[in-house]
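S.K.: Quick one: this structure, given as C-alpha cells, is what I'll be asking you about.
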Amino acid sequence: MSSSFTIHQVAVIGAGTMGMGIAQVAAQAGHAVVLYDTNPAQTARALDDFASRLASRVARGKLTEQDATALRARISPAERLSELAGSDLVVEAIIERLDIKQQLFAELEGICGDRCILASNTSSISITAIGAALSRPERLAGLHFFNPAPVMKLVEVISGLATTAEVRDTLLTLARDWGKMAVHASSTPGFIVNRIARPYYGETLRALQEGCGSPQLLDTLMRSSGFPMGACELTDLIGQDVNFAVSSSVYRAFHDEPRYRPSLVQQALVDAGRFGRKTGQGFYAYENGKAEQVPLAAPAGQAPDRVLVLGDWSELKGAEALLGRYRGELERRDGSPALLIDGVRVELTSGRSCALRHPGLAAMALDWADDYESVSHIALGVSEYCTEQQVAAVVGFFQSLDKQVILLPDHPGMLVLRTIAMLVNEAAEACLHRVASPEDIDLAMRFGVNYPKGPVAWGAEVGYRRLLTLLDNLRTVYGEEKYRPSLQLRHWAVAEEAI
C-alpha cells in the first residue's frame, strides 16, 4: 500500500543500549539519524562506543574504513529536543513509565511537523494510553525492537486505538526495508511476544514449585525438544528481576488473569537478590559466566526381552522407526496406543497424572517429542505404583534404543506437551481477540524468541484436539481457570476433525 509519509531523517530519543541500537539500524539503512538523550554525556558515550565497535570491525576485515566513516557520519547528536524538528520519524526508547512518555510525546507534537510519525519502542505500555495525552494520537504507533536491535530480526508494529492504517503500513514497510521481520499487533498488554511467551516460563516454574525436577533437568528436557534455552537458564540470562517484573505487569494489565499469575519460586529469587548471571546466582550459580553442569540421565537399566505394543503409533512422528530399533521381541495387539513393559503401561501424557488415569496400576507417562526417532532425550513421568525393578526395565528399554532417559515425578501433562499446549492456547486467545493474525504470531515467536516453530503451526502438527483434551484434563485436575481452553482452540479442534 502506498503512503504519503516519506522517511528521510530519523530521530531516536534515548542513547542507551536499545536507543543506540535503533539508531544504528536506521543509519545502516542509509538514513540521517539524530540521537538525543536528556544526558548529553550519555549520547557522547554511546557514539564513542559505536565508533569503537566500527573500528573493531574494520580491524577484523568485516567493514571497510570508508563504510565505517560514512556510517558513523550518519548519526549526529542533538543537545536539545527542538533539534528533532526536521525529523520524519521519531522513535522513543526511554524509561518504561507512562507519564514520562506521555509528557515527551506531547512536547514532540509541538516540535515535529504534521507528517512526522511518532513511535515508541515500549515493550509493555499501551500505545493507546500514551496517545491519550496527545492532540493527534492517530500518528502515534509502537515500533518495538528486540535487544540487541541490530541483530534481532523481529520488529512489532503496534497500533493504538487511534493509529491510522497509513501510519501502520508506513512503519511495516520501513521496518522491512531495514531488513527486519515486521509483524503487526494491536495495543494489548505484552503485544505478541511478551504475551504469548508467558507460559514458556510459567509451566517450568510451576513444575519446579511442584517438585517435578531440578532447573537443569527441566532445562535439558526443553532444549531437547527444540527450544534454544530452557526457561530457568533463559530467565537467568534475561534477569530474574526483569522477567518477574514483566510477568507481574502483564498479570496486572489483564486484571489478574490466572494464566499470567507470577511464580512464587521466581519471586523468592528476586527477594533474595539472585537475579541470574548479572549477580552470579539465579537458578544456577555462575563462575566466569558459566553455570555448573551435573549428570542428569537415569542410571543404566536392564532392557526386557519382550515388549507388547498396543494400538497404532504412526501418529507420533518417528515412533514406529524408534520401536524398529528394538532387538527383543515386539508383540502387537489392537487397543489404545500404549507399551506394556514388565507390567508397566507407558502411554503419551494426556493431562492427567498416571495415578489418576490408572489408579493402583504401574504406569508411566511419555512426554511429547516432535520426532521420537531423532530426539536425544525421552522423558517419563513415573507413577507411585511402579517398583524400582519396573522403572529399571522401562529405562533399559529406551536406553537400548539409544535414548537418554529423564525420569520425572507423576506430573500431570508432563512438561513439553503441557508447555506447547499452553503456548498454542495463548496464541489461539490472541487470534480470538484479534491481537494479531496467526501468520504474524508464528513469525513473531520464531524470530522474536527463536522458538523452533510458531505456536499456531505447531498446534496443527501436534493436533488441536490432542491439546484441547490435555488442557481440559489439566483444568479438571487442578480446578483452575489457568488451564481454560480458548474458544478459538475449540474451533480449531472442530475444524481439524472435519478435514
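The values are calculated or read from the model by the stated rules, or taken from the named source; none is laboratory data. Quantities reported herein were computed from a predicted structural model and do not represent experimental measurements. All Cβ positions, glycine included, derive from the backbone under ideal geometry; neighbour counts span all protein chains shown.
S.K.: Go through the stretch 167-190 and count every residue that is within 22 Å of the chain's Cα centre (by Cα) and either over 19 Å from Thr6 (Cβ atoms) or not in a strand (DSSP E or B) (or both). Steps first, answer last, please.
M.R.: Initial filter on the stretch 167-190 (within 22 Å of the chain's Cα centre (by Cα)): 172, 175-176, 179-190.
Next, from what is left, pick out any that are either over 19 Å from Thr6 (Cβ atoms) or not in a strand (DSSP E or B) (or both): 172, 175-176, 179-181, 183-190.
Going through the stretch 167-190 one residue at a time, the tally reaches 14.
S.K.: Here is a further query. For the stretch 145-159, enumerate the residues that are buried (at least 24 other Cβ atoms within 10 Å of the Cβ) and without any contact (Cβ under 8 Å) to a residue 60 or more places away in the chain.
M.R.: Val155, Val157, Ile158
S.K.: Just to verify a result, which residue in the stretch 369-392, among those that are surrounded by 21 or more Cβ atoms within 10 Å (Cβ to Cβ) and among the hydrophobic types (A, V, I, L, M, F, W, C), is nearest to Ser314 (Cα to Cα)?
M.R.: Within the stretch 369-392, the match that is nearest to Ser314 (Cα to Cα) is Ala369.
S.K.: Against the conditions (1) surrounded by fewer than 21 Cβ atoms within 10 Å (Cβ to Cβ); (2) touching a Gly at 6+ places or on another chain (Cβ under 7 Å), where does Glu257 fall short? Just the number, please.
M.R.: Unmet for Glu257, out of (1) surrounded by fewer than 21 Cβ atoms within 10 Å (Cβ to Cβ); (2) touching a Gly at 6+ places or on another chain (Cβ under 7 Å): (2).
S.K.: Quick check: anything in the stretch 451-459 under 21 Å from the mean Cα position of the chain (by Cα), farther than 19 Å from Met222 by Cα, not in a helix (DSSP H, G or I) and not assigned by TED's automatic domain parsing to the domain that holds Ala149? Outline the logic, then answer.
M.R.: Taking the stretch 451-459 and keeping what is under 21 Å from the mean Cα position of the chain (by Cα), we get 451-459.
Keeping just the survivors that are farther than 19 Å from Met222 by Cα gives none.
The answer is no, given that none of the residues of the stretch 451-459 is under 21 Å from the mean Cα position of the chain (by Cα), farther than 19 Å from Met222 by Cα, not in a helix (DSSP H, G or I) and not assigned by TED's automatic domain parsing to the domain that holds Ala149.
S.K.: Could you check the stretch 450-476 and list, in sequence order, the residues that are in contact with a Phe, Trp or Tyr (Cβ under 8 Å, 6 or more places away or on another chain), farther than 14 Å from Leu489 by Cα and buried (at least 18 other Cβ atoms within 10 Å of the Cβ)?
M.R.: Tyr451, Leu474
S.K.: If the requirement is being of a type in the set (Gly, Ala, Ser) and buried (at least 17 other Cβ atoms within 10 Å of the Cβ), which of these qualifies: Ala268, Ala303? Talk me through it step by step, then tell me what you get.
M.R.: Values: Ala268 fails: buried (at least 17 other Cβ atoms within 10 Å of the Cβ).
After ruling out the rest, the residue left standing is Ala303.
S.K.: Tell me which of these Leu234 doesn't satisfy, since it passes every other one: (1) surrounded by fewer than 22 Cβ atoms within 10 Å (Cβ to Cβ); (2) farther than 30 Å from Ile127 by Cβ.
M.R.: Among (1) surrounded by fewer than 22 Cβ atoms within 10 Å (Cβ to Cβ); (2) farther than 30 Å from Ile127 by Cβ, Leu234 violates only (2).
S.K.: For residues that are within 20 Å of Gln267 (Cβ to Cβ) and part of a helix (DSSP H, G or I), scanning just the stretch 211-235, find the one that is farthest from the chain's Cα centre (by Cα).
M.R.: Across the stretch 211-235, the extreme among qualifying residues is Pro215.
S.K.: From the list Ile22, Ile13, Ile7, exactly one residue is crowded, with 16+ Cβ neighbours inside 10 Å, over 31 Å from the mean Cα position of the chain (by Cα), closer than 18 Å to Leu84 by Cα and among the aliphatic types (A, V, I, L, M). Which is it?
M.R.: Answer to the selection: Ile7.
S.K.: Right, next: Return the total of residues in the stretch 451-482 being of a type outside the set (Val, Ile, Thr), without any contact (Cβ under 8 Å) to a residue 60 or more places away in the chain and within 23 Å of Ala231 (Cα to Cα).
M.R.: Final tally of qualifying residues: 6.
S.K.: I've got another one for you. So which of Gly343, Gly273, Gly280 ends up being touching a helix residue (DSSP H, G or I) at 6+ places or on another chain (Cβ under 9 Å), on the phi > 0 side of the Ramachandran plot and free of Cβ contacts under 8 Å to residues at least 24 places away in the same chain? Break it down stepwise before answering.
M.R.: On the way: Gly343 fails: free of Cβ contacts under 8 Å to residues at least 24 places away in the same chain; Gly280 fails: touching a helix residue (DSSP H, G or I) at 6+ places or on another chain (Cβ under 9 Å).
From the options Gly343, Gly273, Gly280, the qualifying one is Gly273.
S.K.: Could you pull out the residue among Ser52, Ser87 that is surrounded by fewer than 18 Cβ atoms within 10 Å (Cβ to Cβ) and of a type in the set (Gly, Ala, Ser)? If you could, list the steps in order and put the result at the bottom.
M.R.: Details: Ser87 fails: surrounded by fewer than 18 Cβ atoms within 10 Å (Cβ to Cβ).
Matching residue, one of Ser52, Ser87: Ser52.
S.K.: Related question: Looking at the structure I just gave you, is Arg45 in contact (Cβ under 8 Å) with a residue 24 or more places away in the chain and farther than 25 Å from Cys112 by Cβ?
M.R.: Values: in contact (Cβ under 8 Å) with a residue 24 or more places away in the chain: yes; farther than 25 Å from Cys112 by Cβ: yes.
Criteria met by Arg45.
S.K.: Please specify each residue of the stretch 239-265 satisfying the condition of being under 16 Å from Glu203 (Cα atoms), among the charged types (D, E, K, R) and in contact (Cβ under 8 Å) with a residue 24 or more places away in the chain.
M.R.: Correct list: Arg259, Arg261.
S.K.: Let me ask another. Taking Ala26 and the conditions (1) at pLDDT 95 or above; (2) assigned to a loop (DSSP other than H, G, I, E, B), which numbered condition does it fall short on, given that it satisfies the others?
M.R.: Failing condition for Ala26: (2).
S.K.: Further question on the same structure: Which of the residues spanning the stretch 25-44 are loosely packed, with under 15 Cβ neighbours inside 10 Å and either on the phi < 0 side of the Ramachandran plot or in contact with a strand residue (DSSP E or B) (Cβ under 6 Å, 6 or more places away or on another chain) (or both)?
M.R.: Filtering the stretch 25-44 down to residues loosely packed, with under 15 Cβ neighbours inside 10 Å leaves 30, 38-41, 44.
If the condition is that a residue be loosely packed, with under 15 Cβ neighbours inside 10 Å and either on the phi < 0 side of the Ramachandran plot or in contact with a strand residue (DSSP E or B) (Cβ under 6 Å, 6 or more places away or on another chain) (or both), then Thr38, Asn39, Pro40, Ala41, Ala44 are the ones that fit.
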